[in-house]
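Following: one structure in structure tokens, then a few remarks.
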Amino acid sequence: MNTPNQNALPENAFRPLKPGEDYNPVMPSKANPKEVTAWSLCLGLIMAVIFSAATAYLGLKVGQVFEAAIPITIIAVGLAGATKRKDPLGENVIIQSIGACSGMIVAGAIFTLPALYILQNKFPDADISVSFLEVFLASLLGGIIGILFLIPFRRYFVKDMHGKYPFPEATASTQVLMSGEGGSGSAKPLVIASLIGGIYDFLVATFGAWAENFTSVFSSIGVAVAEKAKLFFSINTSAALLGMGYIVGLKYASIMCAGSVLIWWIVVPAIAFLFPEMQLAGGTLAADASPQALFQYAKSIGIGGIAMAGIIGVWNSRKVIMGSFSLISKVAPAKSAQQEGAVTDTVARTDRDISFKIVALGLVIALLVTTLFFYLDVMHGSLLFTIVALLIVFVIAFLFTTVAANAIAIVGTNPVSGMTLMTLILASLIMAAVGLNGTSGMVAALIMGGVVCTALSSAGSFVTDLKIGYWLGSTPAKQQAYKFLGILVSAATAAGVIMILNKTYGFTPDNSDVMAAPQARAMAAVIEPLMMGEGAPWLLYGIGAVISLIMNACGISALAFALGMFIPLQLNLPLIVGGAVNWFVTTRSKDSAVNAARGEKGTLLASGFIAGGALMGVVSAVLRFVGYNPVNEAWTASPWAEILSLIMYILLITYFVKATKNR
């Protein structure tokens, strides 16, 4: 077995600290590393523009938003090596932090704001106008609010809870950044894993070499079971999701998979057999519907579960919420003393946040700008509607900031779409109660939802950046300050891409096969009946809420279980496969040191799979954007393509397991 790497992360980076033990990052607190330079600033902004455009296109095209932080990290490390920059670690963290604004802003924007165009096309006689400024401001203000609300919780999530959360995305990015450090010994296996994972996923996404999912309906027996028993199996065989499952681990992957099994294999068949005459969307009877169509109805249970999990998270975090002010007060005096020229070591460089005065001033400015935006544009001069909208947006954004950060810390998945749906429901009900309904009410609710969605997306994503900085020894205040510049650029890019795609393809009701925008279409479908005087599936929401309460009472993560109920089956099953691989490679030896070493090697390989898959996903998206699409749809839909998909998946897992033992 190899000796420990001198430039690797400290031994206690991923485990809880013992009493009296401290974590010393790679860049010590007393060091003064290069962080914000012309190189890191310019490259970070370029990455923000490129990945905002690519992520927005891919998300609106197929409904999948990839995490841009990892491919940006790979590019930063690669360029630093190619240009032979000295001690680039601090710069690379800033590049990643600024560039990662792309994914978080785009996720918030495309989940809600394209619904404005959908409504505009559906109600041509209504006075619905959508401008660049509206889309831009909703994204910009949401991003700023989310970051400002998260800053007071930075210490709790990244320091106080050190080793208690897996932080899968942060782990992957940190391993990539460390691979760029000279002599770390991590670069070669990481690069190999990135190439294998990237090529593997690229062959599927770009050329359709085999099916993306292996399903039970590849055979006539499976088709019959799906039609008669409403039982359906599907697993995404991508390298990126396999790596994600490994990092999430077997515990949380099992909880999520259990939630998915409950919906797909119990609730879906039960609906068809107990309520066969019930009509689903489009007038299809439950008895005649496919398992996928039944899931589209049943996943409202997951929405209710996520909402209740969010409430539980807020309640469990009540001490954190109240204590955040004391945390801020501990930082503020030290910052003030420094500003007055005093010399103090009260707060270490690696534990220094933006001062409370700046955070408070930023929130005041954001509140004023949001007020003007709502009053002059969205609410058409109504002070009552503006005040109510502000209360909804700021209260929900503040309360659910910790929930979004907690979700990212645990499973690497932010339930922002589910929480935004509940925000839209509440906003629609409240705004209708005060007199704003119809198409004007729908537009107002969507823009309010866009601000909240972007705020929660930003908070969840930024906690990943801050954890990376904590492990490596970056200055939190610098990460926080320059995040706002990345938000500005990403919001402008995302707004431009959304408008271009609308003009090029359109978000019409009958154009979903070209511009799917599934989340935005779901948002529009949810609020339309509420604003038009119709109902919502409150029974399903209530069932989901009760399930979350039961899970919490049993000591099971309600959020992880609810995510499983909401996320499609094919995206949950790969997580448990990856988690099982994690368990397998870390328990084969009687020597605990060997198991630990294999687990560390596996984390590196998993990070490579995630990074390679995400990076080549961008390349594939760009190729499709320019019109290059050689996929043979007849082949990818054939049973043989699915069989080949399963074979390739088994080979990929076999490689992963064998590679972890090469130590």
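The values are calculated or read from the model by the stated rules, or taken from the named source; none is laboratory data. These numbers come from a predicted model, not from an experiment. Reconstructed Cβ throughout: ideal geometry from the backbone, glycine too, with neighbour counts over all protein chains shown. Remember, those area values only see protein heavy atoms, side chains included, never the ligands or the DNA or RNA. Shrake-Rupley method; radii C 1.70, N 1.55, O 1.52, S 1.80 Å.
The table that follows gives values for the structure above.
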{"item": "Filter result for the condition that a residue is surrounded by fewer than 17 Cβ atoms within 10 Å (Cβ to Cβ) and assigned to a helix (DSSP H, G or I), over V223, V261, V268", "result": "V223"}
{"item": "Residues within the range 121-134 that are farther than 29 Å from A404 by Cβ and not in a loop (DSSP other than H, G, I, E, B), tallied", "result": "2"}
{"item": "Checking W635 against (1) open to solvent by 60 Å² or more (accessible area, probe 1.4 Å); (2) assigned to a helix (DSSP H, G or I); (3) free of Cβ contacts under 8 Å to residues at least 40 places away in the same chain; (4) not β-branched (V, I, T), the condition it does not meet", "result": "(3)"}
{"item": "All positions within the range 427-473 that are assigned to a loop (DSSP other than H, G, I, E, B) and touching a Lys or Arg at 6+ places or on another chain (Cβ under 9 Å)", "result": "G473"}
{"item": "Candidates K230, K251, filtered to the one that is open to solvent by 30 Å² or more (accessible area, probe 1.4 Å) and out of contact with any strand residue (DSSP E or B) (no Cβ under 6 Å at 6 or more places or on another chain)", "result": "K251"}
{"item": "Qualifying position, being closer than 30 Å to M422 by Cα and touching a Gly at 6+ places or on another chain (Cβ under 6 Å), among L563, L571, L559, L575", "result": "L575"}
{"item": "Test: residue in the range 123-135 that is open to solvent by less than 10 Å² (accessible area, probe 1.4 Å) and either closer than 14 Å to K467 by Cα or at pLDDT 80 or above (or both)", "result": "yes"}
{"item": "Residue in the range 324-342 that is buried (at least 20 other Cβ atoms within 10 Å of the Cβ), within 22 Å of the chain's Cα centre (by Cα), under 30 Å from P25 (Cβ atoms) and modelled with pLDDT under 80 present", "result": "no"}
{"item": "Count of residues meeting criterion [over 29 Å from the mean Cα position of the chain (by Cα) and part of a helix (DSSP H, G or I)] in the range 381-396", "result": "5"}
{"item": "Test for A596: is it surrounded by 19 or more Cβ atoms within 10 Å (Cβ to Cβ), within 29 Å of the chain's Cα centre (by Cα) and not polar (S, T, N, Q)", "result": "no"}
{"item": "Cβ-Cβ under 9 Å pairs, at least 6 apart or on other chains, the range 485-504 side open to solvent by 30 Å² or more (accessible area, probe 1.4 Å), far side of a type in the set (F, W, Y) and at pLDDT 90 or above", "result": "A492/F136"}
{"item": "Test set (1) farther than 29 Å from T475 by Cβ; (2) free of Cβ contacts under 8 Å to residues at least 40 places away in the same chain; (3) assigned to a loop (DSSP other than H, G, I, E, B) - T112 fails condition number", "result": "(2)"}
{"item": "Criterion (β-branched (V, I, T) and not in a helix (DSSP H, G or I)) met by exactly one of I235, I247", "result": "I235"}
{"item": "The listed residue being in contact with an Asp or Glu (Cβ under 9 Å, 6 or more places away or on another chain), part of a helix (DSSP H, G or I) and in contact (Cβ under 8 Å) with a residue 60 or more places away in the chain, out of L60, L137, L150", "result": "L137"}
{"item": "Residues of the range 375-394 classified as at pLDDT 90 or above and open to solvent by 40 Å² or more (accessible area, probe 1.4 Å), total", "result": "6"}
{"item": "Count of residues meeting criterion [of a type in the set (S, T, Y) and either farther than 22 Å from I547 by Cα or without any contact (Cβ under 8 Å) to a residue 24 or more places away in the chain (or both)] in the range 248-296", "result": "2"}
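One line per residue, one yes/no per condition, for (1) surrounded by fewer than 19 Cβ atoms within 10 Å (Cβ to Cβ); (2) at pLDDT below 85:
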{"residue": "G555", "(1), (2)": "yes, no"}
{"residue": "M565", "(1), (2)": "no, no"}
{"residue": "P568", "(1), (2)": "yes, yes"}
{"residue": "L573", "(1), (2)": "no, no"}
{"residue": "I576", "(1), (2)": "no, no"}
{"residue": "F584", "(1), (2)": "yes, no"}
{"residue": "R588", "(1), (2)": "yes, no"}
{"residue": "D591", "(1), (2)": "yes, no"}
